[in-house]
């Protein structure tokens, strides 16, 4: 998912007080963000697991995963100033072409998405 490229650039070194200021800001901003991230993800996972019986939990769990991805992207934006290196991008899986609702919902989640889609369509198509 992530590719690492090596460069011969030597990053610009900061003074001790400059780096201390940057690290302090990173930690002070990171604490409230960590509380928000923990609350959103735990609440989403708990709500999604509880609603999984009614199939309403599936979109909640997918939304929770997308929220976790957004929070991870926020951390990736914040970290380059601390480690004094350029930001590295991450490429996630794209939505499959000509995908239905369930397939497009689970497409970016990874290789287990097809199995989840098959399980849902089998359970919805089962004789009553």
* Structure fact -> Between residue 28 and residue 72, the two model label points (7 Å from Cα along the beta-carbon direction) sit apart by a distance in nm of 3.0
* Asked: For residue 16 and residue 46, what is the calculated FRET efficiency with R₀ set at 35 Å and r taken between the beta-carbons, to the nearest 0.05?
  -> 0.20
* Structure fact -> The relative contact order of segment 16-90, taking Cα pairs under 8 Å that sit 6 or more residues apart, comes to a percentage of 28
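Readers should treat all values here as calculations from the given coordinates under stated rules, not as data from a laboratory. Keep in mind that this is a model prediction, so the values were computed, not measured. Ideal geometry is used to build each Cβ from the backbone, glycine not excepted, and the neighbour counts take in all protein chains shown.
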